[in-house]
Structures are given as structure tokens and as C-alpha cells.
1. Which of 116/211; 251/304; 116/306 have a Cα-Cα distance over 29 Å?
2. Would you mind calculating the relative contact order of the stretch 209-325 from Cα pairs under 8 angstrom and at least 6 residues apart, reporting the percent as a whole number?
3. Ranked from highest to lowest mean number of other Cβ atoms within 10 Å per residue, what is the order of the peptides 212-219, 79-86?
4. Quick one: putting +1 on the C-beta of Lys and Arg, -1 on the C-beta of Asp and Glu, what dipole do you get for the stretch 17-241 around its Cα centre, in Debye to the nearest 20?
5. Return, in residue-number order, each cysteine of the chain whose C-beta is not under 4.7 Å from any other cysteine's C-beta.
6. For the stretch 244-368, state the average projected area of the convex hull of the C-alpha atoms over all orientations, rounded to one decimal in nm².
7. Go through the stretch 141-155 residue by residue and turn each phi into a ³J(HN,Hα) via Karplus (6.51, -1.76, 1.60, θ = phi - 60°); whole Hz please, and just put x for glycine and proline.
8. If you restrict to DSSP beta bridges whose two residues both lie in the chain, what percentage is antiparallel, to the nearest 5?
Amino acid sequence: MNNPDNITVTQPLLPDLDEFHAILSDIWDSKWVTNNGRFHKRLEDALCEYLQVPYISLFTNGTLPLLTALQALRISGEVITTPYSFVATTHAIWWNGCRPVFVDIDPSNCGMDPEKIEAAITPSTTAIMPVHCYGKPCNTERIQAIADKFGLKVIYDAAHAFGVEVNGESVLKQGEMSTLSFHATKVYNTLEGGALVVKDAETKQRIDYLKNFGFAGETEVVAPGINSKMDEVRAAYGLLNLRQVDEAIEKRHQVAIKYREALRNVKGIRFFNDMPGVRHNYSYFPIFINAEEYGMTRDELYFKMKGQGVLGRRYFYPLISTFSTYRGLPSAAPENLPVATRIANEVICLPMHHDLSEEDLARILGLIVR
Ligand code: T4K
């Protein structure tokens with residue numbers, strides 16, 4: 001539970017409670033609460049339209065679509081990925097019995113550095129799993145060119161990239177599949193939830209079997225599936241939240257503008273500007289501290305803010321490659337990941353959400369600007 005005096009890194013976008021009550025009555029009356037119900041279907045259709053993607057399959061969270069995508073594509077052997085992400089990205093590879101191979105990141109977007117991929121490919125490599133970190137699009141063109149050259153599948157962890165477009169086209173259309181998280185801490189949330197974006201009806205059908213134990217009818221099981229279906233309550237909540245997500249993104253945009261104005265001339269602090277041709281979602285506002293120039297280390301600033309109730313977060317420190325499960329892998333050696341190692345020690349994600357007030361911003365910036 002939050003202390004109401006604290007300013008947290010994020011806050012969930014909540015639908016109007018009266019509207020939610022009304023929709024709950026409808027679900028109660030229908031007595032159909034999960035397993036591919038009406039609201040589930042309506043949310044899939046609405047998301048396809050909003051996100052401009054051909055097919056989407058809803059999930060109970062953003063981790064299961066990662067697991068399921070790898071299953072559906074029968075990925076085995078080695079999967080090239082980034083150490084600079086939430087740990088779910090690598091866990092999904094591990095849970096599929098594959099070996100993660102870490103490559104370093106590009107400091108301009110914190111995504112996988114395409115120039116480091118080829119050197120990590122071996123005869124066992126079957127896939128690449130990049131992350132559009134903070135919703136900043138990866139260099140998808142370059143990654144796809146390498147994947148095509150070596151016959152590899154690309155699955156994007158797009159947990160942060162809801163609504164992100166490049167030159168008017170959804171970034172979720174890139175690669176073989178893209179996954180989304182609709183966790184409460186995300187730009188768009190269904191409390192817990194997630195989705196898998198796919199390109200054709202046949203693949204969607206296969207995913208829908210996989211997320212329902214592999215059932216293809218009352219008595220037929222066609223694959224070793226799992227249970228990761230979104231229920232009707234969360235689908236209905238998601239429909240209501242979809243109506244207000246554009247407004248929430250615009251409010252976040254205004255926060256980003258104010259942060260940038262205030263931090264522009266602060267020596268030793270780097271942040272991202274908008275990328276040309278990109279519709280951003282402002283899901284996170286990371287700053288990167290150069291301790292020598294700023295006169296304080298990242299952790300000194302982080303704990304100073306925390307002491308004053310301003311709860312930024314060090315996403316993504318520590319690197320996934322340093323966790324006990326993964327640190328023994330050859331690719332996890334810090335010498336292999338110098339940029340990610342440095343950035344993980346420089347980053348603080350500042351509070352970023354639709355409901356930050358001018359007073360909140362003054363309080364946050366008062367602790368940083370010097
Ligand atoms: N791939 C990537 C790249 C991801 O970032 C994630 C998740 C996934 C995959 C997996 O998706 P999911 O399976 O989670 O759908 C949070 C989220 O739990 C996680 O979804 C997210 N990434 C990760 C980056 O952040 P924590 O442990 O930092 O969350 P927590 O509970 O500390 O919450 C952060 C702050 O948010 C709180 O201090 C206050 C605020 N908050 C949080 C919740 C849950 C609220 O105000 N209300 C709330 O209900 O992991």
C-alpha cells in the first residue's frame with residue numbers, strides 16, 4: 001500500500017466506478033464470467049482497431065504471451081535477448097527450455113544493439129527476443145534484416161509499447177509476433193492482463209488453443225496448452241479504459257515536456273527526446289546520471305528522493321544477466337555487456353503518469369535540479 005504523501009513512479013489509470021458497476025451488472029446478469037465471453041471478444045476487436053493490428057489474443061498478464069509465443073513458434077536452442085529489461089523477458093525463454101544469449105544495448109533507445117547480434121549467433125540460435133524498452137522502438141529494420149539472413153524468428157516483447165507507432169504504423173506489426181502487458185503499472189491496463197499480436201488468422205487460432213489448455217473443441221486437445229485466458233470482468237474494465245487512454249497519453253506527454261524543459265540545462269543528466277516519426281506513449285521517463293558531471297551518484301540521488309517520498313524506480317537495475325539463474329552464462333559476463341552495465345548504474349525512472357500535478361512536478365524537480 002502506498003503512503004498517500006509519497007509520489008510513486010506510476011499510478012493505475014482507473015475507469016469511472018459507476019460505469020464499471022453498470023458493466024458488472026451486465027456480466028452478473030449474463031452469468032458468463034470467463035472462457036471467451038462477449039466482453040473478451042469485444043475487447044479483442046476494439047484493441048485491433050485501436051492498435052491497428054490484424055489479430056490479437058488476450059491473456060491474463062504480459063508474461064504468459066511471451067511463454068506462449070515461444071511455444072507456438074516451437075523455438076528451441078538459443079534465443080538472443082537483452083539483459084536490460086524486466087526479468088519476465090528472460091524467464092520466458094528459460095521456461096521454454098531455451099538458453100538466453102545476452103547482447104549489449106544501444107544507449108540511444110536502451111534496446112538491443114543490432115550491431116552486436118551477428119556475433120552472438122551460433123548454429124543453435126533460433127530466435128531473437130528484443131524489447132521496445134520504455135516504449136522506445138527498437139531498430140526493427142536492422143533486426144529483421146539479420147533475422148532474415150540467418151533464418152531466425154523475431155518475437156518482440158512490446159510490454160511497454162502500447163499505442164506506439166513509427167511513421168504512422170503500429171510497432172506491434174514488426175517481427176513474427178509482439179507481446180503486450182496490461183499490468184496496472186502500464187499506460188493501458190486491465191488490472192492484470194496482456195496480449196499477443198499476430199499476423200494471420202491461423203496463428204491466432206493456434207494461440208487461442210494454446211491459451212486454453214490446447215482444447216480445439218469439447219474433447220479434442222491439439223497442443224500442450226496452458227490456461228491464460230482473460231476473464232470478462234477484466235475485459236470489460238479494459239473496454240472502459242480504452243476510451244480514456246488517449247487522454248492519459250496526452251497528459252503523460254505534457255509531463256514529459258515539463259521534465260525536459262526543467263532538466264535540459266542540468267549538467268550530468270541525460271534523458272530521451274522524442275524520436276522523429278514516432279508516436280510515443282510516454283510510458284516511462286528515465287533519466288541517466290553521469291555522477292562525475294552531476295556531482296552525485298545515481299544511488300545518492302535515488303535515496304535522497306526516496307527519503308523525501310519521491311519514489312522513482314531504477315528500472316532496469318540490476319541487469320537480468322546478474323541474477324543467480326543467469327549469471328553463469330558466458331554471455332552474461334559484464335565485459336560482454338558494457339553499455340547495459342553502465343546504463344543500469346545510471347538510470348532512475350522518474351514518476352510518470354496521467355495524474356501528476358504541478359505541485360508533484362515541483363516537488364520532484366526540486367530534488368533533482370541544482
Ligand atoms: N516484459 C517487460 C518488458 C515488462 O516490463 C514486464 C512487466 C513484463 C514483460 C511482464 O508483464 P506482466 O506479466 O507484469 O504483465 C512492475 C510490474 O509489476 C511489471 O508489470 C512491470 N513489467 C515492471 C516494469 O514493473 P514492480 O515490482 O516494479 O511493481 P510495483 O508493485 O513495485 O509497482 C510500482 C509502483 O506502481 C508502486 O510503487 C505504486 C504503483 N502501483 C502499483 C500497483 C501494482 C499502484 O499505484 N497501484 C498498483 O496497483 O513491477
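Since every read-out is calculated from the coordinates, none of them should be taken as a lab result. Nothing here was measured: the structure is a model prediction, and the numbers come from that model. Backbone-built Cβ (ideal geometry, glycine too); neighbour counts: all protein chains shown.
1. 116/211; 116/306
2. 13 percent
3. Most protected by this proxy first, the peptides run 79-86, 212-219.
4. So the magnitude is around 360 debye.
5. Among the cysteines of the chain, those whose Cβ sits 4.7 Å or more from every other are 48, 98, 138, 349.
6. Mean shadow area of the hull around the Cα atoms is 9.6 nm².
7. Ordered by residue, 3J(HN,Hα) equals 5, 5, 5, 5, 4, 5, 4, 5, 4, 9, x, 9, 8, 10, 10 Hz.
8. About 60 percent, rounded to the nearest 5.
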